[in-house]
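A.B. asks: Supplied in structure tokens, the structure appears directly below.
Please treat every number below as a calculation from the coordinates, not as lab data. Computed from a predicted structure; not experimentally measured. For neighbour counting, all protein chains shown are included, and Cβ atoms are generated from backbone atoms with ideal geometry for every residue, glycine included.
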Amino acid sequence: MSVDAVRENILQRRTIKPMQYSDRSIDKDTIDDILETARWAPTHKLTEPWRFALFAGAGKQSLGEYMSGWYRDNTPAEKFQQQKFDRLLTVPQQAGCAIGIGMHRDEDERLPEEEELMTVACAVQNMQLMATAHGLGTFWSSGAIAFARETADFFGFDERTRGLGVLFMGYPNCDWPTSDRRPMDDKIIWHT
Ligand SMILES: Cc1cc2nc3c(=O)[nH]c(=O)nc-3n(C[C@H](O)[C@H](O)[C@H](O)COP(=O)(O)O)c2cc1C
């Protein structure tokens with residue numbers, strides 16, 4: 001394994017939103033390759049709490065109809081924005097695919113919920129890194145719709161699985177974006 005290749009992969013991963021994707025589709029082998037990396041996330045007691053709902057083809061339209069409908073039904077009339085409704089309706093169709101993200105609690109609740117949430121985030125990061133290697137931008141979208149119980153139901157998750165958002169993926173039609181972070185100096189306490 002090349003240290004430089006791993007570093008480059010981590011640094012290159014970028015949030016790129018569906019409005020910046022081209023209409024190039026993502027083939028099934030590539031999607032499978034990305035999903036497979038979730039399996040290898042660290043998981044305490046091997047609970048493997050990650051769950052995913054894959055929206056491609058006509059499924060993307062259903063997702064847009066669901067999200068815009070949820071927004072319409074859960075927004076007071078005085079706060080409703082037609083522009084937001086239209087964006088929610090069309091955004092999934094601008095993506096190569098969209099992946100509903102879920103966290104499943106095992107029956108015995110052997111671990112604190114925090115641990116299971118962290119594990120799912122590790123799994124999503126694995127997928128984002130593999131997507132990057134395939135030249136795909138990703139966008140983890142969260143917020144009120146993401147966390148609503150009805151959304152987990154729409155994804156097809158069982159009652160023990162919480163929805164944690166949607167991971168959109170697509171080939172960018174823009175230059176690969178850059179990003180920045182503040183230095184680590186004031187975020188690390190060394191005990192030596
Ligand atoms: C758990 C999680 C939820 C996120 N939810 C949103 C979101 O709802 N809307 C949004 O614009 N970005 C969201 N993001 C993406 C961040 O905005 C993005 O990571 C940040 O801008 C840094 O950009 P980068 O990913 O290219 O480094 C989310 C990221 C994470 C990890």
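A.B. asks: Take the residues in the stretch 164-185 that are within 15 Å of the chain's Cα centre (by Cα) and within 12 Å of the ligand (Cβ to nearest atom); name whichever of them is farthest from LYS17 (Cα to Cα).
C.D. replies: Per the stated criteria, the residue is LEU164.
A.B. asks: Looking at TRP140 and the list (1) farther than 16 Å from MET19 by Cβ; (2) crowded, with 16+ Cβ neighbours inside 10 Å; (3) in contact (Cβ under 8 Å) with a residue 40 or more places away in the chain, which single condition is not satisfied?
C.D. replies: Here TRP140 clears every test but (1).
A.B. asks: Just to be sure I understand, how many residues within the stretch 107-120 are touching a residue at least 12 places away in the same chain (Cβ under 8 Å), closer than 16 Å to PHE52 by Cα and not polar (S, T, N, Q)?
C.D. replies: Matching residues across the stretch 107-120 total 3.
A.B. asks: Go through the stretch 83-102 residue by residue and tally those that are touching a Phe, Trp or Tyr at 6+ places or on another chain (Cβ under 7 Å) and either surrounded by fewer than 22 Cβ atoms within 10 Å (Cβ to Cβ) or more than 27 Å from SER25 (Cβ to Cβ) (or both).
C.D. replies: Count: 4.
A.B. asks: Can you name every residue in the stretch 7-30 that is more than 12 Å from the ligand (Cβ to nearest atom) and part of a helix (DSSP H, G or I)?
C.D. replies: ARG7, GLU8, ASN9, LYS28, ASP29, THR30
A.B. asks: On the basis of being more than 16 Å from the ligand (Cβ to nearest atom), touching a residue at least 12 places away in the same chain (Cβ under 8 Å) and on the phi < 0 side of the Ramachandran plot, does PHE157 make the cut?
C.D. replies: yes
A.B. asks: Give me the pairs: first residue in the stretch 50-62 and farther than 27 Å from THR119 by Cα, second residue assigned to a helix (DSSP H, G or I), beta-carbon distance under 8 Å, and six or more apart or on different chains, which are they?
C.D. replies: Between residues of the stretch 50-62 that are farther than 27 Å from THR119 by Cα and residues that are assigned to a helix (DSSP H, G or I), the close pairs are GLN61/PRO92; GLN61/GLN93.
A.B. asks: Kindly list the number of the only condition in (1) within 27 Å of GLY69 (Cβ to Cβ); (2) of a type outside the set (Ser, Thr, Tyr); (3) out of contact with any strand residue (DSSP E or B) (no Cβ under 9 Å at 6 or more places or on another chain) that fails for GLN94.
C.D. replies: (3)
A.B. asks: Further question: So ALA152 passes all but one of these: (1) more than 17 Å from ALA98 (Cβ to Cβ); (2) of a type in the set (Gly, Ala, Ser); (3) more than 14 Å from the ligand (Cβ to nearest atom). Which condition number does it fail?
C.D. replies: Tallying (1) more than 17 Å from ALA98 (Cβ to Cβ); (2) of a type in the set (Gly, Ala, Ser); (3) more than 14 Å from the ligand (Cβ to nearest atom), ALA152 fails exactly one: (1).
A.B. asks: Then there's this: Name the single residue, out of those in the stretch 33-65 being closer than 13 Å to ALA98 by Cα and not small (Gly, Ala, Ser), that is surrounded by the most Cβ atoms within 10 Å (Cβ to Cβ).
C.D. replies: Only one residue tops the list, namely LEU63.
A.B. asks: Another question, if that's okay. Going through the stretch 72-125 one residue at a time, which ones are away from the ligand (no atom under 16 Å from the Cβ), in a helix (DSSP H, G or I) and small (Gly, Ala, Ser)?
C.D. replies: Once the filter is applied, which keeps residues that are away from the ligand (no atom under 16 Å from the Cβ), in a helix (DSSP H, G or I) and small (Gly, Ala, Ser), the stretch 72-125 yields only ALA77.
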